[in-house]
Amino acid sequence: MADLSVKMAGVTFKNPIIPASGSFGFGREYEHLYPLSSLGGISVKGMTLHQRDGNPPPRIAETPAGMLNSVGLQNPGIDYFLEHELPNLATKGTIIIANVAGSTVEDCIEIASKIEGTAVDMIELNISCPNVKEGGVAFGTRPQMAGDVTKAVRDVTTKPLMVKLSPNVTDIAEIARAVEANGADAVSLINTLLGMKIDINSRRPVLKNNVGGLSGPAVFPIAVRMVWQVANAVSIPVCGMGGVSRYEDVIEMMLAGASTVQIGAALFTNPTAPIEIINGLTNWLDERGIKNISDIIGGVKPW
Ligand code: SIN
């Protein structure tokens, strides 16, 4: 059987499949469906320094081939995670990625410092949430700011540091280069694309926040394009995400240059998608006699 293991930023994943931050909580809602040890890793819900309730509802809306969310980083805070969720996750035999979503650079430093010395395997620094007024995408749309927050976290952590990039920019490769130059070990992309849906009868936006982040199959070709652009712009590995719902999407994303792949919106309609995808990958590789999945990374042949 093909070897699905991949190495990214010095971390070995048993396979490249990682439920994306915000779509899998801390794993508890899924562990009765399949062993979490089947997964390459888990990126937990984005965590702030203190507990947050998020934005007022409605904050989820269905769209053609996708969904909008304006959750606004609802989470129990880093201390709760470290005390109540990490001990459970640490028994699951999978790579734990802590998504850090501080409102300020100082918050990001404090959260990363608290994670140092814990069982977390990797930090995913979220500079791309479109649903909050402070932090989030405000960090991720300017190269200087993206570089500064990356450096600030780099200075306080020895954990592998992955930075999650926003697609809501003109040149995502420029942002990727800025975070690489400031110590990122990997980049993950894409977070959601800013979108809007209006109820034509009430003339009100469907989301109370007016706008939200679009994810799901509708964004997949944009994600592949950006993964390809970034993979060609930096030397650090890329974790691809955005609308991945089938094993074929994972192969496409890896050919574009992704070393690992996160599954997000697909989990809301098909909670067992990661397992189906892992099985599909094995069959696809075996049918073609490809022994190691890492051999397909960046294998696209552009015209
Ligand atoms: C949210 O909680 O608003 C989504 C998180 C994100 O887009 O980073």
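None of the figures in this text is laboratory data; all of them are computed from the coordinates on show. Keep in mind the model is a prediction, meaning the values are calculated, not measured. Positions of Cβ are generated from backbone atoms using ideal geometry, with glycine treated the same way; all protein chains shown enter the neighbour counts.
Does Ile42 fit the bill of being in contact (Cβ under 8 Å) with a residue 12 or more places away in the chain, in contact with a helix residue (DSSP H, G or I) (Cβ under 7 Å, 6 or more places away or on another chain) and either outside any loop (DSSP other than H, G, I, E, B) or crowded, with 23+ Cβ neighbours inside 10 Å (or both)? Yes: the conditions hold for Ile42. Among the residues of region 165-214, those that are of a type in the set (Val, Ile, Thr) and either touching a Phe, Trp or Tyr at 6+ places or on another chain (Cβ under 9 Å) or away from the ligand (no atom under 13 Å from the Cβ) (or both) comprise Val169, Thr170, Ile172, Ile175, Val179, Val187, Ile198, Ile200, Val206. In the set (1) in contact with a helix residue (DSSP H, G or I) (Cβ under 8 Å, 6 or more places away or on another chain); (2) at positive phi; (3) surrounded by fewer than 19 Cβ atoms within 10 Å (Cβ to Cβ), the condition left unmet by Gly242 is number (3). Cβ-Cβ distances below 7 Å connect the following pairs, each with a first residue in region 119-137 that is within 18 Å of Ile42 (Cα to Cα) and among the charged types (D, E, K, R), a second residue that is within 10 Å of the ligand (Cβ to nearest atom) and part of a strand (DSSP E or B), and a separation of six or more residues or different chains: Glu124/Asn99; Glu124/Lys164.
For region 130-148, what are the residues that are of a type in the set (A, V, I, L, M) and closer than 20 Å to Pro237 by Cβ? Show your work before the answer.
From region 130-148, those of a type in the set (A, V, I, L, M) are 132, 137-138, 145-146; that's our starting set.
Across region 130-148, the qualifying residue is only Ala146.
Residues Ala61, Ala112: which one is part of a strand (DSSP E or B), more than 23 Å from Val250 (Cα to Cα) and either touching a residue at least 40 places away in the same chain (Cβ under 8 Å) or within 19 Å of the chain's Cα centre (by Cα) (or both)? So that I can check it myself, show each step before the final result.
Values: Ala112 fails: part of a strand (DSSP E or B).
Checking each option against the conditions leaves just Ala61.
Comparison of Gly240, Gly289 shows that the only residue that is small (Gly, Ala, Ser) and more than 19 Å from the chain's Cα centre (by Cα) is Gly289.
Restricted to region 185-213, and to residues that are more than 17 Å from Ala265 (Cβ to Cβ) and within 15 Å of the chain's Cα centre (by Cα), which residue is surrounded by the fewest Cβ atoms within 10 Å (Cβ to Cβ)? Step by step, filter region 185-213, then rank; the result is Asp185.
Put simply, of Gly41, Gly66 the only residue that is touching a Leu at 6+ places or on another chain (Cβ under 7 Å), over 17 Å from Gly135 (Cα atoms), of a type in the set (Gly, Ala, Ser) and away from the ligand (no atom under 13 Å from the Cβ) is Gly66. Evaluated against (1) under 16 Å from Gly93 (Cα atoms); (2) surrounded by fewer than 22 Cβ atoms within 10 Å (Cβ to Cβ); (3) away from the ligand (no atom under 16 Å from the Cβ), Ile17 falls short on exactly one condition, (2).
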